[in-house]
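The values are calculated or read from the model by the stated rules, or taken from the named source; none is laboratory data. This is a predicted model, so every value here is computed, not measured. We place every Cβ from the backbone using ideal geometry, glycine too, and count neighbours over all the protein chains shown. Accessible surface is based on the protein model in full, side chains and every heavy atom, while ligands, DNA and RNA are left aside. Shrake-Rupley method; radii C 1.70, N 1.55, O 1.52, S 1.80 Å.
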Amino acid sequence: MELNIAIDSGGTKFAIILYDENLTPIKKVTVGSLRDLTVDAQLIEREVDTLMEKLELEKGSVIAKLSGTPCGSTAFQKRLNEHCVVKQTAFCGEEFLGYAAAGLFDGGLLSLSGTGSATFIKYKDQHFCFGGYGSVISDEGSGYWMGRLACEAAIRDHEDRGEKTLLTDMITKHFDKNNLHAALFSIYGLKNVSHVTSVASVSKLVGKAALEGDVIARQIIKDTAKSLADQAIGAINRSGFSADIPATVLGSVWHCPYLIDDFTVLMQAHCSDFKLTIPQFEPIIGALIKDHYERNNSYDDNTRAKLFECYPEYRFTI
């Protein structure tokens with residue numbers, strides 16, 4: 001049996017699938033982010049220990065192919081190479097996993113909104129990246145950015161200098177505290193989660209509050225959609241392509257209620273022919289799809305059906 005490993009390294013989590021030559025899963029493991037720009041070195045080592053323990057790979061095991069996104073995978077690669085024989089490494093940018101997860105093998109425009117954000121265009125042998133400057137500088141439209149907006153709105157409510165919002169109580173409960181002040185300051189003392197990841201986790205509350213009719217939360221989603229659409233339109237203008245190129249999305253923030261609809265409306269206002277392809281899988285399955293496509297030069301309904309059956313937890317749902 002051939003062993004292959006696909007990884008998806010994000011700002012919040014590090015996911016691995018160990019699978020065979022038929023795309024059948026052997027192990028599925030997810031731990032916290034391993035990105036050394038935002039995560040403490042000791043925490044990274046603990047997470048890598050957990051990964052190797054759960055993968056249960058025997059010493060000297062042969063890994064035919066290691067693929068996925070390289071950013072944040074250095075510590076894991078080092079440990080894997082010490083423990084196993086890795087015959088081929090085939091890393092790529094996270095946008096390529098997104099294209100594959102959406103079945104866009106010729107590329108197009110991809111709007112990323114996870115812990116961080118960026119817009120990519122890979123089309124007609126050209127490749128562009130816009131944004132992606134990180135949480136310290138910008139990352140407009142990201143989960144971290146959305147989480148900060150939510151925290152700022154909650155602070156204004158808490159200090160009686162802004163509108164009331166459900167986010168205030170939601171954030172307090174999210175961090176298991178009795179008041180917002182204690183909840184937000186607890187972020188600085190967390191031992192096993194980075195500050196960026198903690199703030200980004202608040203973005204999930206925005207969608208919940210919006211579904212309950214919270215006006216502030218709904219506005220945050222609209223602002224996020226506008227930031228992402230502005231960046232996508234700017235990317236199209238700078239690259240010289242028309243807005244009717246194939247387009248898809250990547251990242252956990254796109255699961256937020258209303259966000260894709262708001263984004264699509266803004267993009268169609270710029271170009272009525274804009275059409276968004278919703279990915280069928282999370283990006284880590286894009287690594288498997290990309291691997292299969294490169295081996296067979298095809299991605300048919302039977303392969304798609306097998307992936308649906310074997311990896312239901314990685315379906316992209318909104």
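For the pair residue 208 and residue 71, the difference between a 0.36 nm per residue extended length and the Cα-Cα distance amounts to 46.3 nm.
Projecting the Cα atoms of 242, 199, 266 onto the charge dipole of the stretch 178-318, computed from C-beta unit charges around the Cα centre, puts 199 farthest toward the positive end. Dividing the helix sum by the residues of the chain, where each DSSP H run of 4 or more adds -39500 (n - 2.57), gives a mean residue ellipticity at 222 nm of -13500 deg cm²/dmol.
Ranked by solvent-accessible area (1.4 Å probe, protein heavy atoms only, all chains present), the residues 78, 173 order from largest to smallest as 173, 78. The separation of the stretch 79-122 from the stretch 5-64, counted between C-alpha centres, amounts to 15 Å. Scoring 120-128, 183-191 by mean Cβ neighbours within 10 Å over their residues and listing the highest first yields 120-128, 183-191.
Taking all Cα pairs closer than 8 Å and separated by 6 or more residues, the relative contact order of the chain comes to 18 percent.
Within the stretch 46-145, the GluC sites (Glu not before Pro) that combine a DSSP coil assignment with at most 15 other C-beta atoms in a 10 angstrom radius are 56, 58. Phi-derived couplings, Karplus 6.51 cos²θ - 1.76 cosθ + 1.60 at θ = phi - 60°, listed residue by residue for the stretch 44-56: 4, 4, 5, 5, 5, 4, 4, 4, 5, 5, 6, 5, 6 Hz, with x used for Gly and Pro.
In the stretch 1-150, Cα pairs under 8 Å separated by at least six residues give a relative contact order of 17 percent.
For residue 63, the residues whose amide H sits under 5 Å from its own are 85, 86, 87, ignoring neighbours fewer than 5 places away on the same chain, with H placed 1.01 Å from N. Considering only beta bridges that DSSP places wholly inside the chain, some 65 percent are antiparallel. Choose one answer from 239, 135, 61: the residue with the largest mean-square fluctuation in a GNM of the chain with alpha-carbon springs under 10 Å. Comparing 239, 135, 61 in a Gaussian network model of the chain, the most mobile one is 61.
Listed values [x] 0.98; [y] 0.95; [z] 1.01 include one computed from this model; for Rg/Rh (Cα atoms, Kirkwood Rh) that value carries the label [x].
Straight-line cross-link reach from residue 124 at under 21 Å between alpha-carbon atoms covers these lysines, not counting any fewer than eight positions away in the same chain: 275, 290.
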